[in-house]
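If you scroll down you'll find the structure; I have some questions about it.
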Amino acid sequence: MTTEPWEAWAKRWGPSMVSRPPVRTIDVHTHLAVPESADITRPHFQPESDPRTFFSSPETKSLNQKYHHEVHGKFTDPEVRIADMDALGIDVQLVAMAPFQYFYWADESLSPRVARLQNDRIAEVVASHPGRFVGLGTLPMAHPEAAVLEARRVAGQLGFPGIEIGADVNGLDLDDARFAVLWAELEELGLVVVLHPAGFTEGRRMTDYYLVNVIGMPLSSTLAVTRMILGGVFERHPDLKMLVVHGGGYLPFYPARTDHAFRHRPEMRRHIDRLPSDYLSRLYFDITVFDAGMVEQLVRSYGADHVLLGTDYPFDMGLPDPLALVAEARLTEAERDLVVGGSATRLFRIEN
């Protein structure tokens, strides 16, 4: 049983049901598509390279194709995006790649070229409306040395304040030693890392009911962050800043089980000597959780300065009225001001 026709939902972004706040509003979780990058990678694509699609049912694949056709302009056209931003009451969007265009599976010669093309397109969108868009770069993550070089270009030449990465790299977890050089470089450059999954590589039991997205996405982030904590990534790189979308996955709402295991299981203590939950206080989370009570829990647990407005625009799994969700949450005026824009301004160093 549905409450709204799917076709109507596919077109729905705004208008907001609440008044615009008196402070600048910043959406830190949005996606751009670059059709040219899809064109040059298509000849090399293998279905198993994209777990989000590989583990989707035929119905889900059909609906996703239809949705992307319906909202193509939202993924590619800055003017369309701005119209939706105005309806939603959003002043600034951080623009990052759509996860289905990470193309981490591309080889060592193609992958850096694709990332460069995508980052240049993001820079064009930012330059078209510099007061409305801020860029987040993408990296050829399967090739860490090339990723380091592109991260330097993103920070230096393009002037982006952060990058977006997946929750795994072709099934390889982010605590793997080969990424050590990249974490060190990102920390040195001061780039904020936005963690956004591109599906779950072990999604065989998630094919039906769109569980590949509903459960798979937050589960992928939960696994990635937990491994980074237990693998000592944040211990070795204390100045590394990371924003985990979708409210951080499941871990921020259920850290006690991991802490309990840490106290009793020696294999949990190979790389860190304090509770895993201690590292969560260093992370940042967006509000794409669809529930005001969960927004309140994030703020109470980690502070309003670590909770940021995000929508997942323009996906149909996005938050259609983020300002209304913040207004519904029992927060102080100062906390609301931080969540809707103040925290993002500080974290991403966005000028007034």
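Return the residues of segment 48-98 that are over 30 Å from T207 (Cα atoms), of a type in the set (A, V, I, L, M, F, W, C) and in a helix (DSSP H, G or I); say none if nothing qualifies.
Start the filter on segment 48-98 by keeping residues that are over 30 Å from T207 (Cα atoms), which leaves 77-94.
Now restrict to residues that are of a type in the set (A, V, I, L, M, F, W, C): 80, 82-83, 85, 87-88, 90, 92, 94.
Answer for segment 48-98, where residues must be over 30 Å from T207 (Cα atoms), of a type in the set (A, V, I, L, M, F, W, C) and in a helix (DSSP H, G or I): V80, I82, A83, M85, A87, L88.
To continue, here is another question. Of the numbered conditions (1) in a loop (DSSP other than H, G, I, E, B); (2) modelled with pLDDT of 95 or more; (3) not aliphatic (A, V, I, L, M), P218 fails exactly one; give the number of that condition.
Of (1) in a loop (DSSP other than H, G, I, E, B); (2) modelled with pLDDT of 95 or more; (3) not aliphatic (A, V, I, L, M), only one is false for P218: (1).
Please verify whether D278 is touching a Leu at 6+ places or on another chain (Cβ under 6 Å) and either touching a residue at least 12 places away in the same chain (Cβ under 8 Å) or among the acidic types (D, E) (or both), treating the condition exactly as stated.
On the way: touching a Leu at 6+ places or on another chain (Cβ under 6 Å): no; either touching a residue at least 12 places away in the same chain (Cβ under 8 Å) or among the acidic types (D, E) (or both): yes.
In short, no.
I would also like to ask the following. If I go through segment 65-88 residue by residue, how many of them are closer than 19 Å to I26 by Cβ, buried (at least 20 other Cβ atoms within 10 Å of the Cβ) and touching a Pro at 6+ places or on another chain (Cβ under 9 Å)?
4
Which residue, of E36, E59, is of a type in the set (D, E, K, R) and either surrounded by 15 or more Cβ atoms within 10 Å (Cβ to Cβ) or under 29 Å from E145 (Cβ atoms) (or both)?
Of the residues listed, the single one that is of a type in the set (D, E, K, R) and either surrounded by 15 or more Cβ atoms within 10 Å (Cβ to Cβ) or under 29 Å from E145 (Cβ atoms) (or both) is E36.
Within segment 135-154, is there a residue that is among the β-branched types (V, I, T), in a loop (DSSP other than H, G, I, E, B) and modelled with pLDDT of 95 or more? Spell out the reasoning first.
Initially, segment 135-154 is screened for residues among the β-branched types (V, I, T), giving 138, 148, 154.
From what is left, the residues that are in a loop (DSSP other than H, G, I, E, B) are 138.
Still in the running and modelled with pLDDT of 95 or more: 138.
Yes; the residues of segment 135-154 include at least one that is among the β-branched types (V, I, T), in a loop (DSSP other than H, G, I, E, B) and modelled with pLDDT of 95 or more.
Which one of these is under 18 Å from the mean Cα position of the chain (by Cα), surrounded by fewer than 21 Cβ atoms within 10 Å (Cβ to Cβ) and of a type in the set (V, I, T): T332, T345, T311?
Values: T332 fails: under 18 Å from the mean Cα position of the chain (by Cα); T311 fails: surrounded by fewer than 21 Cβ atoms within 10 Å (Cβ to Cβ).
T345 is the lone residue from the list that is under 18 Å from the mean Cα position of the chain (by Cα), surrounded by fewer than 21 Cβ atoms within 10 Å (Cβ to Cβ) and of a type in the set (V, I, T).
Let me ask something additional. If you take the residues of segment 185-212 that are among the β-branched types (V, I, T) and in contact with a Ser or Thr (Cβ under 9 Å, 6 or more places away or on another chain), which of them is farthest from E164 (Cα to Cα)? Walk me through how you get there before you give the answer.
Going residue by residue through segment 185-212, those that are among the β-branched types (V, I, T) are 192-194, 201, 207, 212.
So of that shortlist, the ones also in contact with a Ser or Thr (Cβ under 9 Å, 6 or more places away or on another chain) come out as 201, 207, 212.
On the way: T201: 19, T207: 26, V212: 21 Å.
The selected residue is T207.
Which count do you get for residues in segment 26-46 that are in a helix (DSSP H, G or I) and either of a type in the set (K, R) or touching a residue at least 40 places away in the same chain (Cβ under 8 Å) (or both)? Explain how you work it out, then say what you get.
So in segment 26-46, the residues in a helix (DSSP H, G or I) come out as 35-44.
This time we only want the ones that are either of a type in the set (K, R) or touching a residue at least 40 places away in the same chain (Cβ under 8 Å) (or both), so: 35-38, 40-42, 44.
So the answer is 8.
Then there's this: Taking interchain pairs and intrachain pairs at least six residues apart, which have beta carbon atoms under 6 angstrom, with the first residue in segment 317-345 and touching a residue at least 60 places away in the same chain (Cβ under 8 Å) and in a helix (DSSP H, G or I) and the second surrounded by 21 or more Cβ atoms within 10 Å (Cβ to Cβ) and among the hydroxyl-bearing types (S, T, Y)?
Cβ pairs passing all conditions: P322/T311; V340/T25; G341/T25.
Right, next: Here are some residues: V28, V80, V71. Which one is modelled with pLDDT of 95 or more and either acidic (D, E) or out of contact with any strand residue (DSSP E or B) (no Cβ under 6 Å at 6 or more places or on another chain) (or both)? Steps first, please.
Details: V28 fails: either acidic (D, E) or out of contact with any strand residue (DSSP E or B) (no Cβ under 6 Å at 6 or more places or on another chain) (or both); V71 fails: modelled with pLDDT of 95 or more.
Only one candidate passes the filter, namely V80.
The values are calculated or read from the model by the stated rules, or taken from the named source; none is laboratory data. The shown structure was predicted, so the numbers you read here are calculated from the model rather than taken from an experiment. Cβ atoms come from the backbone with ideal geometry, glycine included; neighbour counts cover every protein chain shown.
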